[in-house]
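All remarks here apply to the structure that follows.
The values are calculated or read from the model by the stated rules, or taken from the named source; none is laboratory data. Since the model is a prediction, treat every value here as computed from it, not as a measurement. Glycine gets a Cβ as well: all are built from the backbone with ideal geometry, and neighbour counts include every protein chain shown.
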Amino acid sequence: MTKSKPKLEWNADSIKALRRHMGLTQQKMSEELGTRQQTISEWETGMYKPRGATRTLLNIIAERAGFVYRVEEEEERNSKEAEDSD
């Protein structure tokens, strides 16, 4: 039996982190995914989330790019920022 890799939660932060990891602009990433630059912007601001085949494509791209997004680290950073602002 093979273990399946956990799939990333594609939210604004993880999408932006993947794009930056790959050294792409929103325009270049939109071309890679076959979508509009505006769509990438909407994902990165949290207005919308990718669905269906686009999520699958993001998972494939992330795996091939060696992208590892640690949700725990993001949560810790947000928690630290909240503490610092008190």
Provide a single number: the residues in region 23-39 that are part of a helix (DSSP H, G or I) and under 22 Å from Arg70 (Cβ atoms).
1
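From the list Glu72, Glu42, Glu76, Glu81, pick out the single residue that is surrounded by 11 or more Cβ atoms within 10 Å (Cβ to Cβ) and modelled with pLDDT under 95.
Only one candidate qualifies: Glu76.
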Residue count, region 1-17, condition modelled with pLDDT of 95 or more and either loosely packed, with under 11 Cβ neighbours inside 10 Å or among the basic types (Lys, Arg) (or both), comes to 1
Checking the conditions here, which among Arg20, Arg55 is at pLDDT below 95 and in a helix (DSSP H, G or I)?
Arg55
